[in-house]
Amino acid sequence: MFIETHGCQMNVHDSEKALSLLRPMGFAETDDPSTADLILLNTCSVREKASEKVFHRVRALRLLTEQRDPVVGVLGCVAQSEAEQIFERAPSVRLVVGPQALDGLPDLVSQLDRGFDRAIDLRQDNRPDFVAVDDRSRRAGLVAFVTIIEGCNKNCSYCIVPYTRGRERSRPIDSVVEEVRRLGEAGYREVHLLGQNVNSYASWVERASGRRFEENAFPELLARVARESGVSRIKYTTSHPRDFSEKIVQVMDDNPELCDWIHLPVQSGSNRTLKRMFRGYTRERYLELVGAIRGARRDYSLTSDVIVGFPGESDDDFEETLDLVREVEFDALYTFNYSPRPHTPAADWGDDVPPQVKRERFDQLLELQGEIQIRRAGRYLGVVCEVLVDGRSARSDTDLTGHSTGNAVVNFPAADGVVPGAVVAVRITSVKAHSLYGEFVKLLSSPVVNS
Ligand code: SF4
């Protein structure tokens, strides 16, 4: 079985779930599609022309496998949004599975085995169950992903996720804590708690007054995972400024196991645009949250996302975004050019910012952020960072690469006894916009497994 994953960490984790579901049927993973009996494309609709790219990839993979006749399947958001049309446009595809129907994958593959020509499952019944992942199917090596909430109730006007992944379903708090604890015992050094909007995590929690259901249980979850799991590096994505709170910062301050990185997508600095995006917060509230983060006891790395060229975005609106970026000084910023997505309200509003204007705004933002980023990174000069070693640096045979608790890439000269999975102290000696460089100080801990 060959599986190719596009998109975010949620999709990477969904591919791990697909592997976990198919292994008991006798499938083994290969990284060579030309030898595979089953080829799965796990797709993402966030980027422009996502479905075109999927059809292009299906054709390319079919050319590679001309000598065989593998089952080709499409999973993920494009499967949900294009549905049966996929069979028409790409006749070699025999399997289509939406994100909420992933647990049906083994049954669908069995149907094809039994001679069915095609199989499709696009259920959107918002079931609360979560597919368990076996450790052999995890892909992130020393970092493990754990889904805490599926789906999204926010309905941002540009986003297809509520359509493809459905309403929010949170996983019980005890089951999350238990999985993270088990991953720690299995040797994973870092765990990422995942969800489209982790801040709206809800669960039954124990209180002095008794057990009760809380809509806003994310701080509680963070505190329990930090204190009870035994894992010393815990990160989470993605946050939403409407549900993010000062309480979360406080819990992070109190628990050093919660890494010093916060990704808080702002999307625009203009209240007019935020309103049309249905984001549910104002620029002022966002800056208040940034104030809480900057005023915290620990030094957090703060990163964000911005969409440029949203329908109706004027020069003034964009200026307000530039202004906010200048004021906040993010440690990293992921900028996207707006393009309409099917099944979203904004798709009906016209894509009225000309491509040339979008490009200019994108470049302007990139240039501004580039200056800010290098200046911000400068505060790490001389600082000793805790780095989880990922492996050899792609740029130098003599260097190792890893990532800090603040999610920065850190390169440093290889040292005796330092292997992937080790956690080391590195003193930063120089900075670039997208990485830090330093000298090895000492080994903090050796890998337990997965080296
Ligand atoms: S919060 Fe908005 S952008 Fe994020 S997944 Fe939900 S609808 Fe999409």
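Every number here is computed from the coordinates shown, using simple stated rules; none is lab data. Note that this is a predicted model, so its numbers are computed, not measured. FYI the Cβ positions are ideal-geometry reconstructions off the backbone, even for glycines, and counts take in every protein chain you see.
Think of it this way: in the chain, Cys8, Cys44, Cys77, Cys152, Cys259, Cys385 stand alone, with no other Cys Cβ under 4.7 Å. Only helices enter this figure: runs of n ≥ 4 DSSP H residues, each worth -39500 (n - 2.57), summed and divided by the residues of the chain, yield -9500 deg cm²/dmol at 222 nm to the nearest 500. Charged neighbours of Val74, selected by a Cβ distance under 11 Å, balance to +1 (K, R count +1; D, E count -1). Taking only the C-alpha atoms of the chain, Rg followed by Dmax gives 22.5, 66 Å. Under 5 Å from the amide H of Ser45 lie the amide H atoms of Cys77, Val78, each residue being 5 or more positions distant or on a separate chain, with H modelled from the backbone and absent for Pro and chain starts.
From the alpha carbon centroid of region 1-59 to that of region 66-80 is 8 Å. Out of residues 5 or more away from His263 or on other chains, whose amide H comes under 5 Å of its own, with H placed 1.01 Å from N in the peptide plane? Result for His263 returns Ser239, Thr303. Using the Karplus relation 6.51 cos²θ - 1.76 cosθ + 1.60 with θ = phi - 60°, the per-residue 3J(HN,Hα) values for region 333-342 come to 9, 9, 9, 10, 7, 5, 8, x, 10, x Hz, with x marking Gly and Pro.
Using a cutoff of 8 angstrom between alpha carbon atoms and counting only pairs six or more residues apart, the relative contact order for the chain works out to 10 percent. Scalar couplings 3J(HN,Hα) for region 255-266, obtained by applying the Karplus form with A = 6.51, B = -1.76, C = 1.60 to θ = phi - 60°, are 10, x, 5, 7, 4, 8, 9, 10, 9, 10, x, 9 Hz; x denotes Gly and Pro.
Counting only residues at least eight positions apart within a chain, or on another chain, the lysines with an alpha carbon under 26 Å from that of Lys247 are Lys154, Lys235, Lys275. When each of the peptides 396-403, 158-165, 178-185 is scored by how many other beta carbons lie within 10 Å of its residues on average, the order from highest to lowest is 158-165, 178-185, 396-403. The amide H of Gly391, built 1.01 Å from its N in the peptide plane, has Thr401 as neighbours under 5 Å, considering only residues 5 or more places off or on other chains.
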